[in-house]
Amino acid sequence: TVQSYSTNTTVTITPSAAVSYDIRVKVKDAAGTVDTKTMSLYVSPKTTVLTNKFTVSSTSISLGNTVTVTGAAAGGTSPYKYAVYYKKASSSSYTTAQSYSTNKTVTIKPAAMTTYNIRTKVKDSSGTISVKDFNITVTTVPTAKPTISATSITLGQDVTIKCAASGGTAPYRYAVYAKKSSSSSYTTVQDYSANTTVLFTPQAATTYDIRVKSKDKAGTVKATNFTLTVKKPSGMVNTSAISSTKISYGDGITITAGAAYGTSPYKYYIAYKKSSSSTYTNVQSYKANRTVSIQPGARTTYNILIKAKDSTGTVKSKTFTVTVS
C-alpha cells in the first residue's frame, strides 16, 4: 500500500529496482462503490555517460613510422563499435582509416612531415557516439652523426666514440658495439643510453668493426659503422679497460685489468682517487686478479690508476678519468 483511501489525489512512487511494476489505483465514492484501474511501469537500468577511451602509441613519430590507435570505451550500453579517421591539420576533410567496427586496433602510416589530426569515435548499442581527437607530429627521419677519435692506433691505446644525432624526435639514446673483423658477433660496449661519450679499449692487435646505433624517442634506429686498425706494439702494453667514463652517483665502475706483449704471467695493481686529491686509495696490490669493482662515494671526478707488471718486473701504467654526476 502506497496510500490508503484518502482525498489526496497525487501520489509519488520511487521504484527501488530496475524491474517492471504493476500499479493498481482504486477509486471509492460516497456510496462505497469501488472502481479499479491497473497500470504497468518499466524501470530501466541506470546507465552512465558513454566515455571514449581511445589511446595512441605516440604523439610524435619520424616519417616512415606508424602510429597505433587503440579503441576502448566505458559507460553507455555495450557492445561498442569503433571508427577512426585522420587528416593533415591543414586539410578540411578526413580520410577513413576504419568505419564502425568491433575491431579495436588501427595502424596509420603518415605520408608527410607535418601535423596530423586523428579523430576517433565510439558508438554504443543505443547509437550514442563519443568523439576523441589526437594531434600527431611527424618529423624528419633521424640522421646519425657519431665520430671516432682515431681509425688507427697501437695496442694499449683507446679510442673515444662521440655519439650524436639530429632530426627525428628527441631525446636520443645511443648503443655501441665492437667485434674483431674476423668474428661474426658483436660485443656490447654500451647498451642504449643517453651517454654520448664511449671509450673503447681494444684487447688485440687486429682490425675491429665498431657499430654505433642512434635511436630517437619514436624508436627509429640509425646505424653507423667504423673500421679500427690496431697495430702491434714494440713492447709490453697495458690493455686495461673500465666499464664507463661517466656514471650516476650510486653506480659502480668495473675495472678489467689486462696486459700483452710482455712476459707472462702478469700481476695488477689498482688504485683510485678524487681528481682534486694527491693521494690514491689502494684497491688491489699486485695480484693476478683482473676484475675489480669500485663505487665512488661523491659526485665529482675520479682518477683510476692501473699498473700491469710482467714476470720480468716490467711495469706499464694506465690512468682513466671517471665523472660521477
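Structure data summary
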item	result
Convex hull (Cα only) mean projected area of region 68-161, reported in nm² to one decimal	10.4
Calculated diffusion of region 203-261, Stokes-Einstein form, Kirkwood radius summed over Cα pairs, 25 °C and 0.890 mPa s, µm²/s	167
Relative compactness, region 168-291, computed as alpha-carbon Rg over 2.2 N^0.38 Å	1.27
5 angstrom amide H check on VAL221, placed H, neighbours 5+ away	none
Reachable lysines, given that their alpha-carbon falls under 17 Å from the alpha-carbon of LYS28 and they are not under 8 places away in the same chain	LYS37
Calculated FRET value between ALA18 and ASP133, using beta carbons and R₀ = 30 Å, to 0.05	0.30
Straight-distance crosslink candidates among aspartates and glutamates, where the alpha carbon sits under 19 Å from LYS215 and sequence neighbours closer than 8 are dropped	ASP191
Label zone at MET113 (point 7 Å along Cα-to-Cβ), backbone N below 12 Å, region 48-80	62-64
Heavy-atom surface of region 1-102, accessible at 1.4 Å and reported per residue (Å²)	70
Carbon/sulfur fraction of accessible area - the chain, other protein chains in place, 1.4 Å, %	47
Directionally averaged shadow of the chain, computed from the convex hull of its alpha-carbon atoms, nm²	31.6
Å² of accessible area per residue within region 177-325, as computed with a 1.4 Å probe and no ligands counted	50
Inter-label distance for THR33 and SER285, nm, one decimal - labels placed 7 Å from Cα along Cα-to-Cβ	12.5
Ranked order, MET39, MET236 - accessible area, probe 1.4 Å, largest first	MET39, MET236
Between region 161-201 and region 48-126, the Cα center-to-center distance that results, in Å	36
Dipole magnitude (debye, nearest 20) for the chain, charges at Cβ of Lys, Arg, Asp, Glu	880
Nearest-0.05 FRET efficiency for SER78 and VAL11, computed from C-beta distance (R0 30 Å)	0.25
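The values are calculated or read from the model by the stated rules, or taken from the named source; none is laboratory data. Keep in mind the model is a prediction, meaning the values are calculated, not measured. Glycine also receives a Cβ, built like all others from the backbone with ideal geometry; neighbour counts cover every protein chain displayed. Heads up: the accessible areas ignore ligands, DNA and RNA and are worked out on the full protein's heavy atoms, side chains in. Shrake-Rupley method; radii C 1.70, N 1.55, O 1.52, S 1.80 Å.
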